[in-house]
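For reference, the structure discussed in these notes is given below.
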2 protein chains.
Amino acid sequence: MVAHGTVETPVFMPVGTQATVKTLVPDELARAGARVLLANTYHLCLRPGVELIRRAGGLHRFMAWNGALLTDSGGFQIVSLADLARLDDDGVTFRSHIDGSQHRFTPETAIDAQESIGADIAMAFDQPIRWGASREEAQEAADRSAAWAERCLRAHRRADQQVFGICQGGFDPADRRESAQRLASLGFQGNAVGGLSVGEPKDLLGPLLDASLSALPEDRPRYVMGVGAPEDLIDAIGRGADMFDCVLPTRLGRNGAYFHPEGRRNILNARYRDDLAPLVPGCDCPACQTFSTAYVHHLFRAREILGLRLLSLHNISFLVTLMVDARAAIGESSFSEFAADFLSRYRTTTGQARSRSSPPGRMPRL
Amino acid sequence: MVAHGTVETPVFMPVGTQATVKTLVPDELARAGARVLLANTYHLCLRPGVELIRRAGGLHRFMAWNGALLTDSGGFQIVSLADLARLDDDGVTFRSHIDGSQHRFTPETAIDAQESIGADIAMAFDQPIRWGASREEAQEAADRSAAWAERCLRAHRRADQQVFGICQGGFDPADRRESAQRLASLGFQGNAVGGLSVGEPKDLLGPLLDASLSALPEDRPRYVMGVGAPEDLIDAIGRGADMFDCVLPTRLGRNGAYFHPEGRRNILNARYRDDLAPLVPGCDCPACQTFSTAYVHHLFRAREILGLRLLSLHNISFLVTLMVDARAAIGESSFSEFAADFLSRYRTTTGQARSRSSPPGRMPRL
């Protein structure tokens, strides 16, 4: 239960880094069943700026989204924009990727900015690490994240906004467990597992999730950040995760890939040129209800923007519907069967984009 | 009255060259009040090909548009793709701008393709000329267009499809009048004025339109091709024009320009950064009903595709609404006052894109 409605879990949250889920309007997202969107504090602080969003009446009104919103704190940009970030124990100084200006982020300023932006859920300011960092770096980052989490809790004032903590711990299960235990002791309204989808091998995900999730309280939302491949969502739900966000559905959509119950497909494949059936027969997203696969194929061949839009919407609908189905299966105590059935049909692929935040200012590669 | 409904005039037809009005879905166009869309036979013949459209059940079904459709014949590509076109008295051979393959267009093949595509209105295959061509070239093109118009009429079979002729005549009013008179004598169900918006000075438009329109029958639709600036539409309606098409609203929208009752505006202007009012207060398009000018400004600054979508839709809504208002004024015999009032407020700009067909395969410049 958040300020803008009740959110049933498991839930997938489409990402609107810059106050827009790329190519889509809020009405389409609501009709696709999305209930929570994610936006990014770092990006919004730089552009359009917190003051404008506050004057507009908060982020909900600025982007015209009546559902729930969650803002990531900007901590992930320590990794994703590492070359532009200078880190110390008190916080981070970013050099803007837009105009080179300096921006100071601390736990206190990150919370203050998120209170002005006004999402239903604010995230603590944390420090993830990249894949390839040493265990010492990972432990230092986990320590710093724990200290920052306490400062975020103390700084937070806004009663109509929840604040979630984020645990780290790098790529060692024992460190993951310790970081999660420390976070659990702080009493956040929800707890997130951060620092995943940063380039680590896919087979690490399960053990790291188990170590983190098992140490977080079951009676509060457990949120796995930056994970969005269908098979990973199903797997993580089985391990106790409730919430997810990822740019994957929209990023894949803009690059011509779409989710199908049998696995991910590429619309530019020549076999779709003459395929007059929908992308996924029976799917009730507007792309599938309105257009043929051949039409969407034509849009991509002709480099038409509408193609990016239709596949983005289809992919979000696919994940949202997958979560609805998972929820129903959990309600019927048949989640294991549901998961096994889904995974037996869904052919997984490698090399997928799993990072959490879109590179700013880039046009689709089409 | 066409196969897919009754079309009241004056009417502006949004352009969907490649079977999509760029960035928009049919439902948005219908809700904006669009009743007729235009597609391009040349582009559709090359990609996705007439055979696929025929197998899909025709262009209406392929692009999921339930309103009326008009297909341009491909004649305009003799000008817009001049470097790829080899012309003779029987027709034109195009070298595909996509893959270099050869495509033969004659009056008969252009009509045959349009019958397969299945628009409500097919256009005769004509030969426009570029601005800068000699009067002799213009006269030769007009003669050829007249001969081709007759061949198109003879070739046309499909009873549920109308066919419109196109007059030419270059940039000389006397030649324009003669071409229109010849066309009028052929008895097409509607008549179009072609070969405008090819780079000629804007002050030529009025005299050339007068010469053409005055020689075309008043009891059938008179269609001015490729004109879409608001002030030009109002001016042309005053001269007797009923139908218009132009890429202007969508092309401008993708480049950040939008129509306002006081003239064209550029969303990237710094004064819109903090403007929390809609683009046009009172406008009932989804962009204006849902979002602030500051939000659309932010989308363009952040290079977000949603910005292109919102301005494209706003600009189409603006022209469609302008036509509805003009129709009402005509019904009340107050069109001159309406036109004078509109033009007194609308500040015209120079250097606008007025060409009819989008360059293929280009991503927006954003």
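None of the figures in this text is laboratory data; all of them are computed from the coordinates on show. Everything numeric here is computed off the predicted structure, so don't read it as measured data. For neighbour counting, all protein chains shown are included, and Cβ atoms are generated from backbone atoms with ideal geometry for every residue, glycine included.
log₁₀ I(q)/I(0) of chain A at q = 0.09, 0.11, 0.13 Å⁻¹, via Debye over equal Cα point scatterers, no solvent, to two decimals?
-0.47, -0.72, -1.02
Across region A:155-164, in residue order, what do the Karplus-derived ³J(HN,Hα) couplings come to in whole Hz, using 6.51 cos²θ - 1.76 cosθ + 1.60 with θ = phi - 60° and x for Gly and Pro?
Rounded to whole hertz, the list is 6, 6, 10, 6, 6, 8, 10, 7, 10, 10.
Return the whole-Å distance between the Cα centroid of region A:39-94 and the Cα centroid of region B:208-259.
Taking the Cα centre of region B:208-259 as reference, the centre of region A:39-94 is 46 Å away.
Would you mind checking the tilt of helix A:335-345 against the longest principal axis of the Cα atoms of chain A, expressed as 0 to 90 degrees and rounded to 10?
50
Scan around B:H260 for amide H atoms under 5 Å from its own, H built in the peptide plane at 1.01 Å from N, and keep only partners 5 or more places away or cross-chain.
Answer set, sorted by chain and number: B:R265.
Taking chain A as a Gaussian network, Cα atoms linked when under 10 Å apart, which of A:V247, A:V224, A:V92 shows the biggest mean-square fluctuation?
In the Gaussian network model the winner is A:V92.
If you build the Cα gyration tensor of the protein assembly as shown and take the root of 5 times each eigenvalue, what three semi-axes come out, in whole angstrom, biggest first?
Result for the protein assembly as shown: semi-axes of 55, 27, 20 Å.
Every other copy gets compared here: list the nm distances from the A:A147 label point (7 Å along Cα to Cβ) to its counterparts, shortest first, one decimal.
8.8
Using the 4.7 Å Cβ rule, please list in number order the cysteines from chain B without any candidate partner.
Result for chain B is B:C45, B:C152, B:C167, B:C246, B:C285, no neighbouring Cys Cβ within the cutoff.
Given the convex hull of the Cα atoms of region A:17-69, what is a quarter of its surface area in nm²?
Over every viewing direction, the Cα hull of region A:17-69 projects on average to 3.3 nm².
Residue by residue through region B:298-305, what is 3J(HN,Hα) from phi via Karplus (6.51 cos²θ - 1.76 cosθ + 1.60, θ = phi - 60°)? Round to whole Hz and write x for glycine and proline.
Calculated HN-Hα couplings, in order: 4, 4, 5, 4, 8, 6, 8, 4 Hz.
Just order A:205-213, B:271-279 by mean Cβ neighbour count inside 10 Å, highest at the front, would you?
Sorting A:205-213, B:271-279 by mean packing, highest first, produces A:205-213, B:271-279.
Highest mean first, what order results for A:335-342, B:296-303, A:295-302 on Cβ atoms within 10 Å?
Most protected by this proxy first, the peptides run A:295-302, B:296-303, A:335-342.
Measure out, as a whole number of angstrom, how far apart the alpha-carbon centroids of region B:99-160 and region A:279-302 sit.
32
With each label point set 7 Å from Cα along the Cα-Cβ vector, what nm distance links A:D88 and B:E218?
8.3
Tell me the distances, shortest first, between B:G100 and the same position across the other copies, using label points 7 Å along Cα→Cβ, in nm to one decimal.
B:G100 label point versus its equivalents elsewhere: 4.4 nm.
Per residue of B:15-22, what is the mean number of Cβ atoms on other protein chains within 10 angstrom of that residue's Cβ?
4
Relative contact order for chain B: what is it in percent, counting Cα pairs under 8 Å that are at least 6 residues apart?
Computed over chain B, the figure is 16 percent.
Is there a simple number for the mean count of other chain Cβ atoms within 10 Å of the Cβ of residues in B:303-310, and what is it?
Per-residue shielding by partner chains comes out at 6.
At a 10 angstrom cut-off on C-beta neighbours, averaged per residue, how do the peptides B:136-147, A:99-110 rank from highest to lowest?
For the peptides B:136-147, A:99-110, the packing ranking is B:136-147, A:99-110.
With n ≥ 4 as the cut-off for DSSP H runs, can you work out [θ] at 222 nm for the protein assembly as shown, using -39500 (n - 2.57) per run divided by the number of residues, rounded to the nearest 500?
-12000 deg cm²/dmol
Quick one: the Cα spread of region A:267-320 along its three principal axes, in angstroms, biggest first?
Extents along the principal axes, in whole Å: 28, 21, 17.
Calculate how steeply helix B:173-184 sits against the longest principal axis of the alpha-carbon atoms of chain B, using the helix alpha-carbon long axis, and give the answer as 0 to 90 degrees to the nearest 10.
The helix B:173-184 is inclined about 70 degrees to chain B.
Kindly state, to the nearest 0.05, the FRET efficiency for A:L204 paired with A:T348, given R0 = 22 Å and r defined as their beta-carbon distance.
0.90
Just counting partner chain Cβ atoms within 10 Å, what average do the residues of peptide A:288-301 show around their Cβ?
Counting Cβ atoms of other protein chains within 10 Å of each residue's Cβ and averaging gives 4.
Quick one: angle between helix B:107-117 and the longest Cα principal axis of chain B, in degrees between 0 and 90, rounded to 10, please.
50
Whole-Å semi-axes of region B:252-345's equivalent ellipsoid, largest first, each the root of 5 times a Cα gyration tensor eigenvalue?
Its equivalent ellipsoid spans semi-axes of 27, 13, 11 Å.
Could you pull the copy-to-copy label distances for B:G5, with points set 7 Å along Cα to Cβ, in nm to one decimal and sorted shortest first?
3.0
Quick one: grab the alpha carbon gyration tensor of region A:1-159, order the square roots of its eigenvalues as a ≥ b ≥ c, and give me rounded if a/c is under 1.5, else prolate or oblate depending on whether a/b is larger than b/c.
Prolate shape, in that a/c is at least 1.5 and a/b is the bigger ratio.
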